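The values are calculated or read from the model by the stated rules, or taken from the named source; none is laboratory data. All values derive from a computational prediction rather than experimental measurement. FYI the Cβ positions are ideal-geometry reconstructions off the backbone, even for glycines, and counts take in every protein chain you see.
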């Protein structure tokens, strides 16, 4: 009989015998591969933590005990073991299914939600401190990846662990271990000795005896130093953590269930903060994921036998926006040695893998450290280089201080190319890039652009690199427009929009990928007998006030379209500009509402949910026009 269907919660996991656990682990891997091969998702990270997650749930008791997973893209196993192995798991990352990350709203077993790397340790320090203040006898466990150690916030938390908490368990999930087997075996033997009860009892007795005399205290001090140096000889990580006042154990095999339970039980009973270093194999159980860990970190639907991605696009479909950008950056880098590309551990996702291949001397991957990426770029720009930081819109939020304080304030020529601007439907609210216009528009000295097609992206990148100023270019996830790129890009006039269609009564101003939606909307309104113009705004900052003033002399209604939140966004910029030039015209702002949009199977579904389908936008404009026709003109610029 299959075991996984019988697991309704962690208590059922603890009720299994030790010899049943390998079978459960295999069933979990089969289930994850089955679902992700249809839906896509984070395959490799979850396959690598199967045994670790089983052991965690056998040693600790959620939801009383709190697990905090870094990023939480390795939380599928946790979901399966906490009562979520149902139809909702079949549709994970799809409309009506589970979130691809952990969510406090989804389950009481999810103590803390996340979607960005490096947050787990800080959150766990806070949870543990709250537990101590509330005098609870529960446990807090942070499960962090080795890549999280490149995040500044993780190191900040590590600096605070010992002083803020009485007890905290940190599991360092290391899937890129580089020490050879012999040294690792000795390190494991040392760790096995360290966690044994006789060893610790003898240590305690010896310390009590020696601390009674002056010479004994000196011997203890020497012993502590000697112990640390011996451990450092075999496992370099121990010194790093123990200098922060956190006890270190490991590394151990993260797929050995017996060892995991034994070590985790020791960590559970420890009196102070402790780190358990486990080695896991990312993608374990799926040969294709082992051969290509980068691809299977997060992938679309795939063939579980071959690992080939199941393409959902049409033959001959346009290249993805990030790949277009990557090729354009290579062209600019070859033409100008001052151009330098920077990524924060996302070379393929941002298209910078092309620069890495073609111009490796002009390429930098700084790890998961967006703040450093921005400041590093600022340092390059201060010496008249032309850094291009390719960072997802949602991740650029992390470098906001650097954008304001270090780049915009000093007017340094750093170009930010913000991929995934708009919605990332399967990933959900932590990954939607909907806020960048609003959070950047208030910053002095910056320019914000969005191209309608590939050729305009070429012009914008070229313009940015020749501007000598901070520049931001946003573009969405998915295929570009399929427009041919001219051989020689041109420099755009900053803030100048482009009239695509002449009209008098209604003027539609659209930004970037909303331009085709604007043209389609104009056609439908024109069929109703209205005179409708369409403008490709190009710039969210600055707005083309001259064109706006010219059109406002005759237009009765302005409509703005943006793939971003309307609160403080592009439409708000148009409203403000109309107010400043003292033009009276109604304005309908079409964009994402003031909520955290959820996840869904595709963009179309999300737009329908939030009132942005073509039919819904048409109805909104028709209602506004009817209201305008039936009421006197006024100066209220909000519809």
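So in segment 74-91, with the set limited to residues that are part of a loop (DSSP other than H, G, I, E, B) and surrounded by fewer than 23 Cβ atoms within 10 Å (Cβ to Cβ), which one is nearest to the chain's Cα centre (by Cα)?
91
Report every pair of residues separated by at least 6 positions or lying on different chains whose Cβ atoms are under 6 Å apart, first residue within segment 14-26 and more than 13 Å from residue 51 (Cβ to Cβ), second surrounded by 13 or more Cβ atoms within 10 Å (Cβ to Cβ).
Partner pairs satisfying both residue conditions: 14/58.
Please determine, by comparing only the residues of segment 123-148 that are crowded, with 20+ Cβ neighbours inside 10 Å and in contact with a helix residue (DSSP H, G or I) (Cβ under 7 Å, 6 or more places away or on another chain), which one is nearest to residue 270 (Cα to Cα).
139
Yes/no matrix, rows are residues, columns are (1) in the same structural domain as residue 401 (by TED's automatic domain parsing); (2) touching a strand residue (DSSP E or B) at 6+ places or on another chain (Cβ under 9 Å); (3) outside any loop (DSSP other than H, G, I, E, B):
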| position | (1), (2), (3) |
| --- | --- |
| 431 | yes, no, no |
| 438 | yes, yes, yes |
| 461 | yes, yes, yes |
| 469 | yes, yes, no |
| 481 | no, no, no |
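Residues of segment 516-537 being in contact with a strand residue (DSSP E or B) (Cβ under 9 Å, 6 or more places away or on another chain), closer than 16 Å to residue 626 by Cα and part of a loop (DSSP other than H, G, I, E, B), which ones?
530, 531
Tell me yes or no: at least one residue of segment 304-320 is under 20 Å from the mean Cα position of the chain (by Cα) and touching a residue at least 60 places away in the same chain (Cβ under 8 Å).
Yes, segment 304-320 contains at least one residue that is under 20 Å from the mean Cα position of the chain (by Cα) and touching a residue at least 60 places away in the same chain (Cβ under 8 Å).
For residue 455, indicate whether it is in the same structural domain as residue 337 (by TED's automatic domain parsing), part of a loop (DSSP other than H, G, I, E, B) and over 22 Å from residue 377 (Cα atoms).
Criteria not met by residue 455.
Before we move on, is residue 540 in a helix (DSSP H, G or I) and either within 32 Å of the chain's Cα centre (by Cα) or within 28 Å of residue 447 (Cβ to Cβ) (or both)?
No: the conditions fail for residue 540.
Just checking, does segment 577-586 include any residue being closer than 16 Å to residue 620 by Cβ, crowded, with 22+ Cβ neighbours inside 10 Å, in contact with a helix residue (DSSP H, G or I) (Cβ under 7 Å, 6 or more places away or on another chain) and not assigned by TED's automatic domain parsing to the domain that holds residue 394?
Checked segment 577-586: at least one residue is closer than 16 Å to residue 620 by Cβ, crowded, with 22+ Cβ neighbours inside 10 Å, in contact with a helix residue (DSSP H, G or I) (Cβ under 7 Å, 6 or more places away or on another chain) and not assigned by TED's automatic domain parsing to the domain that holds residue 394.
Okay, residues lined up against (1) part of a helix (DSSP H, G or I); (2) touching a strand residue (DSSP E or B) at 6+ places or on another chain (Cβ under 8 Å):
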{"site": "22", "(1), (2)": "yes, no"}
{"site": "25", "(1), (2)": "yes, no"}
{"site": "30", "(1), (2)": "yes, no"}
{"site": "33", "(1), (2)": "yes, no"}
{"site": "52", "(1), (2)": "yes, yes"}
{"site": "56", "(1), (2)": "yes, yes"}
{"site": "61", "(1), (2)": "no, no"}
{"site": "64", "(1), (2)": "no, no"}
{"site": "105", "(1), (2)": "no, no"}
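Looking at this structure, is residue 65 without any contact (Cβ under 8 Å) to a residue 12 or more places away in the chain and over 20 Å from the mean Cα position of the chain (by Cα)?
Against the criterion (without any contact (Cβ under 8 Å) to a residue 12 or more places away in the chain and over 20 Å from the mean Cα position of the chain (by Cα)), residue 65 does not qualify.
Does residue 317 count as surrounded by fewer than 19 Cβ atoms within 10 Å (Cβ to Cβ), outside any strand (DSSP E or B) and either in contact with a strand residue (DSSP E or B) (Cβ under 7 Å, 6 or more places away or on another chain) or modelled with pLDDT of 95 or more (or both)?
Against the criterion (surrounded by fewer than 19 Cβ atoms within 10 Å (Cβ to Cβ), outside any strand (DSSP E or B) and either in contact with a strand residue (DSSP E or B) (Cβ under 7 Å, 6 or more places away or on another chain) or modelled with pLDDT of 95 or more (or both)), residue 317 qualifies.
Out of everything in segment 513-524 that is buried (at least 22 other Cβ atoms within 10 Å of the Cβ) and either touching a residue at least 40 places away in the same chain (Cβ under 8 Å) or in the same structural domain as residue 420 (by TED's automatic domain parsing) (or both), what residue ends up being farthest from residue 451 (Cα to Cα)?
521
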